[in-house]
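What follows is a single structure, written as structure tokens, with notes after it.
The values are calculated or read from the model by the stated rules, or taken from the named source; none is laboratory data. Predicted model, so just to flag it, every value in this text is computed and none were measured. With ideal geometry, Cβ positions are generated from the backbone for all residues, glycine too; neighbour counts draw on all protein chains shown.
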Amino acid sequence: AGVTVHEFNHQYWYGLVATNEFEEAWLDEGVTTYMTYKVMDEFFRGRAEAPGLSLAAWDRAVLPTLESGSLLGPIAGYRESPFRSSLGRRFRAGHQLFGYSIPDLRIRGSFNDRFFGRKASYQPFAHDAPLTTLSWDAYRARGQNAYRTIAYSKPALMLRTLEGIAGWERTLELLRTWTRRYAYRHPTSDDFLAVADEVLDDAHHAFLEAAVRGSEVVDWAVEEVRAIPIGPPDGFTPQTRPGDPMEPSFSPVEEPPGLLASITARANRWFSSGEPKEEATAEPTDDRDGAAGTENEPRLHAAEVIVRNRGRLFVPTTVELKYDDGSVETVALDEARPWYRITPAPRPARVVAARVDPAGAIVLDLDVTNNGRLVRPDRGAARAAAATYQYWVQAWLAGVAWFS
């Protein structure tokens, strides 16, 4: 169905709007790919293919290692990896290593988003993909080709990102105006950008200009999120000018040391003095409630979140802060800055997590795995992965022992 819809869309781009498919292939292939996914989502909702693990380069790193034989040779004496398939890359047996197909593992939230499937072909050439690149000048080396990135993947992701930040109605109006105005004509990228400025009121000019003509990327990441227990207000900030509001000021409360820090401190004192000393302090605790308050003064927590755009392509977005009482706070990132320090007003609840682009609107984001961060690591997933790994290692060793 996807191929049929794709080729039908070509009757509009580049059949009706006759762009130059050799010099500016993105104007027909990219727009067609974007509209193909929109039509497929409308009529075949819930049947998307989105290989999420390819975003982490598993398909280019882990499986080739398994298939090379270099990993298994010294361990079990295999001359050639048993995971190598004679049917070619698409059907290689390494995909079935753990009993399920690795490309079928999907990033949470990507089940119904076909655009995630385009990330695998966008990432390798994201830094070498101005959309105005001539087709015959696209990067080609070592069996790799950036033409697919320039003509199909990046423009489809760009238009989907535009939809995420400008809305579907305005994006549809852009494509409608573009199609009607340049039917039976030969428009260029300059014409497309001019129509976008007209329809979108220049609101997204910088984003589209940089995405079409440049090769910069957007990669929002939550670098750090901290919950800081503080005491009750101990004063007021000084006024800059008479009449300015006097905001309350707070002093941070020192948190009790963690278990590892406490053990390390005891060991250092032991080796420096030659004998252990009894500690006069209480056992370390996990003060999840923060600073001690009084009966009439609530316990408060401050929060500090560091968000950085690791690329140079700015796309406005938001940061969602989640607190342990279930409340959520949203902060807008609408200035073209390389990084933000977010310090919300102190509150009784403790911040537990932060996530940038919570709606997943920026599908052009180079790496979505760094978009969120927890204050305290969730070790449940690690324990589950370790248990699965241990099971299969034991099963594999049992098989080696059986045949040896």
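Need the failing condition index for Val222 against (1) crowded, with 18+ Cβ neighbours inside 10 Å; (2) more than 22 Å from the chain's Cα centre (by Cα); (3) under 22 Å from Asp357 (Cβ atoms), just the number.
Condition (2) is where Val222 drops out.
Of a type in the set (A, V, I, L, M) and either closer than 28 Å to Lys154 by Cβ or touching a Ser or Thr at 6+ places or on another chain (Cβ under 8 Å) (or both): is that true of Ala332 in this structure?
On the way: of a type in the set (A, V, I, L, M): yes; either closer than 28 Å to Lys154 by Cβ or touching a Ser or Thr at 6+ places or on another chain (Cβ under 8 Å) (or both): yes.
For Ala332, the condition - of a type in the set (A, V, I, L, M) and either closer than 28 Å to Lys154 by Cβ or touching a Ser or Thr at 6+ places or on another chain (Cβ under 8 Å) (or both) - is met.
Look at Arg341 and say whether it is buried (at least 21 other Cβ atoms within 10 Å of the Cβ) and of a type in the set (Lys, Arg). Walk me through it before giving the result.
Details: buried (at least 21 other Cβ atoms within 10 Å of the Cβ): no; of a type in the set (Lys, Arg): yes.
Taking the combined requirement at face value, the residue does not satisfy it.
Among residues belonging to the range 202-219 that are part of a helix (DSSP H, G or I) and in contact (Cβ under 8 Å) with a residue 24 or more places away in the chain, point out the one that is surrounded by the fewest Cβ atoms within 10 Å (Cβ to Cβ). Spell out how you get there, then give the answer.
Of the range 202-219, the ones part of a helix (DSSP H, G or I) are 205-213.
Now narrow it down to the ones that are in contact (Cβ under 8 Å) with a residue 24 or more places away in the chain: 206-208, 210-213.
Numbers: Ala206: 13, Phe207: 23, Leu208: 20, Ala210: 17, Ala211: 26, Val212: 22, Arg213: 15.
For the range 202-219, the residue satisfying everything is Ala206.
Is the range 140-153 home to any residue that is touching a Leu at 6+ places or on another chain (Cβ under 8 Å), modelled with pLDDT of 90 or more and either on the phi < 0 side of the Ramachandran plot or outside any strand (DSSP E or B) (or both)? Break it down into steps so the answer makes sense when it comes.
Step one: of the range 140-153, the residues touching a Leu at 6+ places or on another chain (Cβ under 8 Å) are 150.
Those still in the list that are modelled with pLDDT of 90 or more too: 150.
Narrowing further to those that are either on the phi < 0 side of the Ramachandran plot or outside any strand (DSSP E or B) (or both): 150.
Within the range 140-153, one or more residues are touching a Leu at 6+ places or on another chain (Cβ under 8 Å), modelled with pLDDT of 90 or more and either on the phi < 0 side of the Ramachandran plot or outside any strand (DSSP E or B) (or both).
Considering only the range 170-188, how many residues are in a helix (DSSP H, G or I) and either among the β-branched types (Val, Ile, Thr) or surrounded by fewer than 19 Cβ atoms within 10 Å (Cβ to Cβ) (or both)? Lay out the reasoning, then the answer.
So in the range 170-188, the residues in a helix (DSSP H, G or I) come out as 170-181.
Still in the list and also either among the β-branched types (Val, Ile, Thr) or surrounded by fewer than 19 Cβ atoms within 10 Å (Cβ to Cβ) (or both): 170-173, 176-177, 179-181.
So the count comes out to 9.
Filter the range 356-404 for residues that are more than 30 Å from Lys154 (Cβ to Cβ), of a type in the set (A, V, I, L, M, F, W, C) and touching a residue at least 12 places away in the same chain (Cβ under 8 Å) and give the result.
Residues of the range 356-404 more than 30 Å from Lys154 (Cβ to Cβ): 374-404.
Restricting the remaining residues to those that are of a type in the set (A, V, I, L, M, F, W, C) gives 374-375, 381-382, 384-387, 392-393, 395-398, 400-403.
Listed by number, the residues that qualify are Leu374, Val375, Trp392, Val400.
So Pro346 passes all but one of these: (1) under 30 Å from Val212 (Cα atoms); (2) buried (at least 16 other Cβ atoms within 10 Å of the Cβ). Which condition number does it fail?
(1)
Answer with yes or no whether Val307 is crowded, with 18+ Cβ neighbours inside 10 Å and in a strand (DSSP E or B). Break it down stepwise before answering.
On the way: crowded, with 18+ Cβ neighbours inside 10 Å: yes; in a strand (DSSP E or B): yes.
Taking the combined requirement at face value, the residue satisfies it.
Kindly list the number of the only condition in (1) part of a loop (DSSP other than H, G, I, E, B); (2) modelled with pLDDT of 90 or more; (3) crowded, with 17+ Cβ neighbours inside 10 Å that fails for Glu335.
The number of the failed condition is (3).
Within the bounds of the range 355-369, is there any residue that is modelled with pLDDT under 90 and in a helix (DSSP H, G or I)?
yes
Residues Leu300, Leu321, Leu374: which one is farther than 18 Å from Phe207 by Cα, at pLDDT 95 or above, aliphatic (A, V, I, L, M) and surrounded by 13 or more Cβ atoms within 10 Å (Cβ to Cβ)?
Working: Leu300 fails: at pLDDT 95 or above; Leu374 fails: at pLDDT 95 or above.
On inspection, the qualifying residue turns out to be Leu321.
Give just the number: which of (1) within 30 Å of Trp168 (Cα to Cα); (2) over 19 Å from the mean Cα position of the chain (by Cα) does Arg310 not satisfy?
Unmet condition: (2).
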